[in-house]
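**Q** Here it is, the structure, as structure tokens.
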Amino acid sequence: NHALHNTPWVRPTLRNRSLPRAACWFIIPSGDEPKCQCTYEYSGTSWPALDCPGWLLDIHSEVIHTANAANLAKGEEVFLPNAVNLNLYESNTDLCGWHADDEPLFIGPKGAHVSATILSLSLGASRDMLFKSKHRQPHHFRKTLDAGGLVTMQDRTQEHYLHSIPPLAKGQQPS
């Protein structure tokens, strides 16, 4: 509830229709490095960088700890995401269509084959997250995200897969 009521949600208009979810883009401070002032742009929308509030920094710290646990145990490199894109699905019809997070902001210079680690954390009702291959048809799978559920998309996931959050079936209520 805190996130719901303490986030400056925005639902912009695209091609004369409202975005089918509300969202907000926050930047995480990263030690001594200068804070990213990057604007997140996709599908004709532009999201200015907002300073991350304390309550979200607390959640971010827990998520980073959980997501890096296996890497730490194996002595592998950890990842420290420096931004948070919050999406709010307010109704059964809210959705996020098929896409890859492959904007230049996330993949580095052209040809660099660098891909940002994308974490998806569910803070509310259960929703399905669907994945499908860009190359092998048909090859798709579903992951149900319950409250507290976390999906990590790293390495070259965005290069090989699309993902979406579909609307719920008519009459279906979030669980």
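The values are calculated or read from the model by the stated rules, or taken from the named source; none is laboratory data. No experiment lies behind these values; they were computed from the predicted model shown. Neighbour counts run over all protein chains shown; Cβ positions are idealised from the backbone, glycine included. Ligands, DNA and RNA are excluded from the accessible area calculation, which covers all protein heavy atoms including side chains. Shrake-Rupley method; radii C 1.70, N 1.55, O 1.52, S 1.80 Å.
**Q** Roughly to the nearest percent, how much of the accessible area of the range 1-144 is carbon and sulfur, given a 1.4 Å probe?
**A** Result for the range 1-144: 53 percent of the exposed heavy-atom area is carbon or sulfur.
**Q** Now for a separate question. Which value in nm describes the separation of the simple spin-label points at His135 and Arg156, placed 7 Å from the Cα toward the beta carbon?
**A** It is 0.6 nm.
**Q** Still on this structure, please answer the following. Just from its helices, what would the mean residue ellipticity at 222 nm be for the chain, if runs of 4 or more DSSP H residues each count -39500 (n - 2.57) and the sum is divided by every residue, rounded to the nearest 500 deg cm²/dmol?
**A** Rounded to the nearest 500, it is -5000 deg cm²/dmol.
**Q** Same structure, new question: Averaged per residue, what accessible surface does the chain expose to a 1.4 Å probe, in Å²?
**A** Values: 10750 Å² over 175 residues.
Per-residue accessible area for the chain comes out at 61 Å².
**Q** Say we join alpha carbon atoms closer than 10 Å with springs in a Gaussian network model of the chain; which of Pro48, Pro12, Pro138 then has the biggest fluctuation?
**A** Among Pro48, Pro12, Pro138, the largest GNM mean-square fluctuation belongs to Pro138.
**Q** Which residues in the range 1-32 place their backbone N less than 17 Å from a point set 7 Å from the Cα of Ser91 along the Cα-to-Cβ direction?
**A** 10-14, 16-23
**Q** Find the lysine pairs in the chain meeting two conditions, Cα atoms under 25 Å apart and a separation of 8 or more places or different chains, and report how many there are.
**A** 7
**Q** Normalised by the number of residues in the chain, what is the relative contact order in percent for Cα pairs under 8 Å and 6+ residues apart?
**A** Relative contact order of the chain: 20 percent.
**Q** Here's another thing I want to ask about it. Mind ordering 84-90, 13-19 by average Cβ neighbours within 10 Å, highest first?
**A** 84-90, 13-19
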